[in-house]
Amino acid sequence: MKKTSKRGPREPGMTLIVKTITRLTVGLIFLYGVYIVVHGHLTPGGGFAGGLIIALSFIHLMLAFGKDLALKKFSKAAASIFESLGGILFLTIALLGFTGGYFFLNFIRKGRPFDLFSAGIIPLCNIAISLKVGAGLFAIFIALVFLQILKKEE
Amino acid sequence: MSIIPLFIAIPLGAAFLVSLFGRRIKILPDLLANLCTASLGILSLLSVGIVREHGMLVYKIGSWAPPVGISLVLDGLTCFMLVTVNIIAFFITLYSISYMARYTAKWKFYTLFLLMLAGMNGVIATGDIFNLYVFLEIAAIASYALVAFGIEHEELEASFKYAVMGTLASSFILLGIIFLYSYTSTLNMADMSNVLLAKGPGKIVGFVVPLFILGFGLKAAIMPFHAWLPDAHPSAPAPISAMLSGLLIKVLGIYALMRIFFNVLGVSQNTYFVLMILGVISMTLGAFLAIGQHDIKRMLAYSSVSQIGYIMLGIGIATPMAIAGALFHLFNHATFKSLLFLNSGAIEYSTGTRDLKKMGGLNSHMPVTGATSLIGSMSISGMPPLSGFWSKLIIILAAVQAEYYAMAAIAASVSIITLAYYLKLQKEAFFGTLGEGLEKVKEAPLTMKLAMIALAAICIAGGLLLLPQVFDLFINSAAKVLSAGNGYAKIVFGSIR
């Protein structure tokens, strides 16, 4: 970036106001995503919605501070690994059902309804889905950002 | 009993493993993909024996009995399609070992390839109509990415066109499923068939049938909906062209259409007549369009449109013999069209061109490719005693038997046009004088040759499938499922244990 203002080289990202607000909120957004994931079997939401919110917290970071900082926290390779890991985890849970004789069998004790630790494999599936969706969405966003940069350099 | 979910679990697991470790361990993508498709091929052959023993198997996912849970169904038609898909997929992965070495990021290719295979196996094995839609989308989205794999301008354009048309098709299919669900309140195909029988088809089936013809017709590239295919199939790398033209359009288009029309909706004679007319149109026009092509892969793509027409004609006649003929032609077309696309890939690999005008006399330098391509060409044109002859013969005889004389005559004459453009391909590529700058051309590497020879052997031996014992076991048991129509539901609910 050759663009410079009077105050020297421009800092990446948005203004100080946005950065400060982001610093305060981004952790809360991330935690809210985690909450949605782990309560997926109790309240509306679940792996997909929660994974989306987790990805949004990183995208928020990227929008406010520029791509370098966000990629330092969660790199492209990490996104790719976590996405595959989510897929494998989900499949493993499904295959572990074979221990009880059926693909996708809910083989863990179900517990008491409306407890956090209940519903057998459903919370584990939600966690796997959140990894897959969150990392996948973030990877798509990275791809779009890099596409934009490549176009500018041409 | 529990092998049915493996058809989906194995390729999915392999796909994620390849994407996790494939970048670091260079040999892993080739090894894992070939192991995966080989084991799937063996499992699919085992499933033929299982079906012969038990008739039909219904697998309850998570032990939830249908119609509540999702079920996987293994019957004659399913195992016929599974054998077709997985055996050919194995030869295509074998071929990819050498061919894909030219591209970077082989692991990405195999990940997408295995995801597409998982989607196709899912479409075939599922007994739930929404599940069918989900797997159809998995296979379709993986194929959009695979068409764009070379990321040149032409490939991206073809992929975009394909993605738009494919998404349009998926929305029609989804809309049809939504209407059916609102009418029957169930998504299980067997249960849906029961409800439709009890409630009467009403007006909803009359509305859903055109939606499905549009949707699955687009996926199968029958004539008015074929425009994306001649761009998309040639742009992909050769193994993917073989996969798309040989298998994908059949599984997503024809298999899904057959399953829903015959076993779930039990559509009227008029609908079958429409399918037959569409089949004849795409058979004829596809063949005429193929004659004028100079790009070898484009010619093969138009030829696919034409051959899909034969299958549609067989389905449209809808007598047991015609259905058996259509299924037999589906199997044969899968083998020789994959073979021909692999041949075109070998030519491109060695000479660097796809233009027929720049080739010539390649037989002297590429004897294996030339010989296998000749077998494939003659088989697709219906030369006895190769496999294509027998399946076309059955379809034409069935048309005569059902007193569609005009259709039979058209089918026979289109076969002659097919012969004409394949002879043109043979003459311009493999016979005659050697083209300019082709003196140093070498034959394709070993694994590519092995895959082509194996597929050519299936083309030669394809006629043996007509032997009474094999025919009953493999093709007739599949045709019986379709001929049973709504009886499918009874058998599904009868075989839940």
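The values are calculated or read from the model by the stated rules, or taken from the named source; none is laboratory data. Everything numeric here is computed off the predicted structure, so don't read it as measured data. Cβ coordinates were reconstructed from backbone atoms using ideal geometry, including for glycine residues, and neighbour counts include every protein chain displayed. Keep in mind that these areas ignore ligands, DNA and RNA; they rest on the heavy atoms of the full protein, side chains included. Shrake-Rupley method; radii C 1.70, N 1.55, O 1.52, S 1.80 Å.
Each residue in the stretch B:32-72 was checked for being in contact with a strand residue (DSSP E or B) (Cβ under 8 Å, 6 or more places away or on another chain), more than 14 Å from every other protein chain (Cβ to nearest Cβ) and either in a helix (DSSP H, G or I) or surrounded by 24 or more Cβ atoms within 10 Å (Cβ to Cβ) (or both), and 3 of them qualify.
Counting only helices (runs of 4 or more DSSP H) that sit completely within the stretch B:419-497, those holding 1 or more residues that are aromatic (F, W, Y) correspond to B:468-471, B:487-494. Listed by first and then second residue, the pairs with beta-carbon distance under 7 Å, at least 6 apart or on different chains, first residue in the stretch B:85-107 and in contact (Cβ under 8 Å) with a residue 40 or more places away in the chain and among the basic types (K, R), second surrounded by fewer than 23 Cβ atoms within 10 Å (Cβ to Cβ) and not in a helix (DSSP H, G or I), form an empty list. Of all residues in the stretch B:11-31, those satisfying the criterion of being open to solvent by 50 Å² or more (accessible area, probe 1.4 Å) and hydrophobic (A, V, I, L, M, F, W, C) are B:L17, B:F21, B:I25, B:I27, B:L31. Taking the condition without any contact (Cβ under 8 Å) to a residue 12 or more places away in the chain, buried (at least 21 other Cβ atoms within 10 Å of the Cβ) and more than 24 Å from the chain's Cα centre (by Cα), does A:F98 pass? So A:F98 does not fit the description; no. When every residue of the stretch A:73-96 is checked against the conditions, none turns out to be away from chain B (no Cβ under 14 Å), under 19 Å from A:L144 (Cβ atoms), modelled with pLDDT of 85 or more and not in a loop (DSSP other than H, G, I, E, B).
B:F430 meets the conditions (1) open to solvent by less than 20 Å² (accessible area, probe 1.4 Å); (2) without any contact (Cβ under 8 Å) to a residue 12 or more places away in the chain in every case but one. The failed one is (2).
Within the stretch A:40-55, not a single residue is surrounded by fewer than 17 Cβ atoms within 10 Å (Cβ to Cβ), at negative phi, within 14 Å of another protein chain (Cβ to nearest Cβ) and polar (S, T, N, Q). Every listed requirement among (1) more than 15 Å from A:F138 (Cβ to Cβ); (2) within 14 Å of chain B (Cβ to nearest Cβ); (3) open to solvent by 60 Å² or more (accessible area, probe 1.4 Å) is met by A:R23 save one, (2). Once the stretch B:74-97 is narrowed to residues that are more than 14 Å from every other protein chain (Cβ to nearest Cβ) and closer than 10 Å to B:G127 by Cβ, the residue that is modelled with the highest pLDDT is B:T78.
Has the stretch B:346-358 got at least one residue that is within 19 Å of the chain's Cα centre (by Cα), assigned to a helix (DSSP H, G or I) and under 18 Å from B:H294 (Cα atoms)? No: the stretch B:346-358 contains no residue that is within 19 Å of the chain's Cα centre (by Cα), assigned to a helix (DSSP H, G or I) and under 18 Å from B:H294 (Cα atoms). Among the residues of the stretch A:97-120, just one is closer than 20 Å to A:T43 by Cβ and at the interface with chain B (Cβ under 9 Å from one of its Cβ atoms), namely A:N106.
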